[in-house]
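Structure record follows, encoded as structure tokens.
What follows draws every value from the coordinates through simple rules; no lab data is involved. These figures come from a predicted structure and were not determined experimentally. Please note: Cβ atoms are built from the backbone with ideal geometry, for glycine as well, and neighbour counts cover all protein chains shown.
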């Protein structure tokens, strides 16, 4: 993973992991912990504890608990709002991992400013979207909520997986995938708000 010494690549990987934590805070942490535990990746010395048996078990339990609670409509939304500080911590930690080869002051300052902030804002955005979608969940007798929660897990996994592509297969290919997904999200968002802005025919 020599190319991880390049600051731009490290920031891209860290940002993707932080965004993943903003959607589901425990999923990317568990993935990194599992990979480190199985010696698939090497963590920086100052976060090597993340690959320990205790961390893996704790994150596994937290992941199961977070997943189950999120499927309870009102409780899941409140948990998401309360998770914002945890998202900041998770995003900061995940951003610090690919920056581990750099000066610790640079590592943690950038991790907090970029990773922590990105994860927190993503968490707040997802929380707001869950609140806005609450009427649709009620109207569908909870079916919409189930689909929404599954979608959250998929998005979180995909963001973490793209970060993995950056590490293992080169950041140019992964960057292309990331830009493609971002473009798709923007197109869908623009069409959604354009449709909302259309005047209702009397």
Ordered by fewest other Cβ atoms within 10 Å, a rough proxy for footprinting exposure, 20, 156 read 156, 20
Yeah, the stretch 2-171 with a ≥ b ≥ c from its alpha-carbon gyration tensor (a/c under 1.5 is rounded, else prolate when a/b outruns b/c, oblate otherwise) is prolate
Burial-style ranking of 139-145, 80-86, average other-beta-carbon count within 10 Å with highest first, yields 80-86, 139-145
Ordered by fewest other Cβ atoms within 10 Å, a rough proxy for footprinting exposure, 150, 166 read 150, 166
Mean separation of Cα contacts under 8 Å (at least 6 apart) over the residue count of the stretch 2-171, i.e. the relative contact order in percent, is 37 percent
Going from the fewest other Cβ atoms within 10 Å to the most, one would list 124, 59, 184 as 184, 124, 59
Most fluctuating of 42, 127, 26 in the GNM of the chain (C-alpha, under 10 Å) is 42
Note to self, the chain gives a 222 nm [θ] from helices alone (DSSP H runs n ≥ 4, -39500 (n - 2.57) apiece, / all residues, nearest 500) of -24500 deg cm²/dmol
